[in-house]
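The values are calculated or read from the model by the stated rules, or taken from the named source; none is laboratory data. In this text, all values refer to a predicted model and were calculated from it rather than measured experimentally. Glycine also receives a Cβ, built like all others from the backbone with ideal geometry; neighbour counts cover every protein chain displayed. SASA here: full protein model, heavy atoms, side chains in, ligands and nucleic acids out. Shrake-Rupley method; radii C 1.70, N 1.55, O 1.52, S 1.80 Å.
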Amino acid sequence: MSYYIYRNYTIEYLFDKDAVFSGYGDITKPYEDYENYLIFYQINPSLPPEEQILEIEDIKSKILFITNSGIQGRIVILNLFRDTQTDWQIRTPELFNAIDDYNTVFLNELASKNKNVKLLDVNNFFQKQYQPIVEWRFFFTSQMPFNPKLAKSFKNWFTKQIEALDLKRKKCIVLDCDNTLWGGVVGEDGTYGIQLGEDYPGICFRAFQKLLFKLSQKGVILAVCSKNNLKDVQEVWENNPNNLINDKCLSAYRINWQDKASNIKSIAEELNIGTDSFVFIDDNPVERGLVKEFLPEVEVPDFPEKPYELVQFFWDIYCQYFSIYELSKEDLSKTEQYKENFFRNESKKVFDNMDEYLKSLDIQIHIMKANDSNLSRIAQMTQKTNQFNLTTKRYTEEQLRKLIEEGGQVFCAGVKDKFGDNGITISAIVTETETALHLDSYLLSCRILGREIEKVTLLKILQEVQKNNDKPIKAQFIPTKKNMMVSNFLDTLGFSLDKEDKQGIKEYTLKEEKITIKDYYKITID
């Protein structure tokens, strides 16, 4: 992904080759449009504090000019490095206070007023470094504000931050039990004999569980895959007061004596997500090796050798695989939604007729045009959805805003039934040319499949866009390794195949609707 970077010092060494840089302090808008603009201003570390404070004010003016220059792409601002050692007074550190005001007040107010402005904290990176932040030789000879030895680790950090901005994260942690969620072996030590509590090392495992429990409330699915007797583990869940990870916060579990690679595949099938969305946590290197061999797409980090390393291990895993810029409403309720899906599937077993089953669910579909409250969620879906996704086109919030400004129509839909609210789980994008309407994208979360919601929702959206428009509707299927489940989806709705190329890309035109919208779907459109 290319960036145009506004800078006031030499920072080329911190970024990849596809970045384009302004002149030092140049705040003019480039002739070429970019999808992403980065503002990376820092203060001169060699100046007295009084002059650094004046430089901060100058940086504020430059940033206000840039953000008001009509840029439509995403603007990412990296804040100021907080050097706490260069001030005259301990009691009233004027420079330190000016940096804090810039980082926490000025930039946050700017971001709240400009939807395309995103903020990244460079101090999250620098506070973890063990080398000098400033290498004075390179600063005075080449105007490098930061030690060039940090370049490689900074690039890795920056890549992860952009992935968080793009709302890319893994979906599920699969956990072992013995010596992972607690110390010891429950089959040998018993429910109360395992190490889990207020004394060392049990206090470490409890702290680890507490963080995992909170993570389950932040949109990450928890699952257990453990070689144990199920009854032994269930007794811990029910009776050990220090245990926090149990079937109430787990979306799936496999507790048996089968190999863990097969169990993880089974969990993926139950949750209807790809195994490449998984991170597997297990203290046993043999089990980790087996999963690496048979499921190479699963992330398998090394487990810490000492229990007191578990908290740092958690945060390393979080930053590496699950960090996200902003949590959506759907993220915060994801664990509950997967549990509700389990009950839906169980209730289905008592019906012989699909129509009767669907009627019993009381399905409500709320279709909405994109707006400020749902645009972030729509962008998140385009970035993360792989399986039920006709074209797998990825969009940021800023790109969606621009598409709407150019006449595109962006829709989303929330789905709920008697078991619960799935939130916004469907997205559609329709663009228009002189001769046709084009279904640019159509995608939905796999956890709502199996109720024909995907069909009736798309038909309703297409009916909406054709209300005052008699142009034909064109659509595409663009194959990937993961979306073959929708290779024939358009055929089932009444689209006619116009052509298919050697890469498997299919071009369609909607001829006539093959299905009717049953009256037991309660559909509203805003």
Here are some residues: 189, 199, 166. Which one is more than 30 Å from residue 46 (Cβ to Cβ) and in contact with a Lys or Arg (Cβ under 8 Å, 6 or more places away or on another chain)? 166
Inside the stretch 223-236, the number of residues satisfying the requirement of being under 16 Å from residue 314 (Cα atoms) and surrounded by fewer than 22 Cβ atoms within 10 Å (Cβ to Cβ) is 0
Please determine, by comparing only the residues of the stretch 101-160 that are charged (D, E, K, R) and under 30 Å from residue 68 (Cα atoms), which one is most open to solvent (accessible area, probe 1.4 Å). 113
Kindly provide the set of residues from the stretch 16-39 that are in contact with a strand residue (DSSP E or B) (Cβ under 7 Å, 6 or more places away or on another chain), open to solvent by less than 50 Å² (accessible area, probe 1.4 Å) and part of a loop (DSSP other than H, G, I, E, B), ordered by number. 19, 22, 27, 30, 34
Total residues in the stretch 302-333, condition open to solvent by less than 70 Å² (accessible area, probe 1.4 Å), assigned to a loop (DSSP other than H, G, I, E, B), out of contact with any helix residue (DSSP H, G or I) (no Cβ under 6 Å at 6 or more places or on another chain) and over 30 Å from residue 414 (Cβ atoms): 1
Of (1) of a type in the set (Asp, Glu); (2) within 30 Å of residue 68 (Cα to Cα); (3) open to solvent by 30 Å² or more (accessible area, probe 1.4 Å), residue 166 fails just (3)
Can you go through 198, 163, 188 and tell me which one is under 30 Å from residue 77 (Cα atoms) and out of contact with any Leu (no Cβ under 6 Å at 6 or more places or on another chain)? 163
Under 8 Å between Cβ atoms, at least 6 apart or on separate chains: pull out the pairs that start in the stretch 458-470 with a residue that is at positive phi and of a type in the set (Val, Ile, Thr) and end on any residue that is open to solvent by less than 10 Å² (accessible area, probe 1.4 Å) and assigned to a loop (DSSP other than H, G, I, E, B). none
Scan the stretch 183-192 for residues that are in contact (Cβ under 8 Å) with a residue 40 or more places away in the chain and either under 18 Å from residue 315 (Cα atoms) or open to solvent by 50 Å² or more (accessible area, probe 1.4 Å) (or both) and report the count. 2
Going through the stretch 46-69 one residue at a time, which ones are farther than 17 Å from residue 107 by Cβ and open to solvent by 30 Å² or more (accessible area, probe 1.4 Å)? 46, 47, 48, 50, 51, 54, 69
Just one of (1) over 26 Å from residue 196 (Cα atoms); (2) without any contact (Cβ under 8 Å) to a residue 40 or more places away in the chain trips up residue 263, so point out which. (1)
Report the residue count in the stretch 173-205 for those that are farther than 20 Å from residue 230 by Cα and part of a helix (DSSP H, G or I). 4
Return the residue satisfying two criteria in turn: it lies in the stretch 55-81 and is assigned to a helix (DSSP H, G or I) and of a type in the set (Val, Ile, Thr), and of such residues it is farthest from residue 118 (Cα to Cα). 56
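Just one of 17, 60 is more than 27 Å from the chain's Cα centre (by Cα) and either at pLDDT 95 or above or within 27 Å of residue 160 (Cα to Cα) (or both); which is it? Working first, answer last.
Numbers: 17 fails: more than 27 Å from the chain's Cα centre (by Cα).
Being more than 27 Å from the chain's Cα centre (by Cα) and either at pLDDT 95 or above or within 27 Å of residue 160 (Cα to Cα) (or both) holds for just one of 17, 60, which is 60.
Hey, among the residues in the stretch 349-371 that are in a helix (DSSP H, G or I) and in contact (Cβ under 8 Å) with a residue 12 or more places away in the chain, which one's most open to solvent (accessible area, probe 1.4 Å)?
In this case the residue turns out to be 359.
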State whether the residues of the stretch 457-479 include one that is within 14 Å of residue 363 (Cβ to Cβ) and open to solvent by less than 10 Å² (accessible area, probe 1.4 Å). yes
Within the stretch 402-459, can you find the residues that are under 27 Å from residue 359 (Cβ atoms) and of a type in the set (Ser, Thr, Tyr)? 425, 427, 442, 445, 457
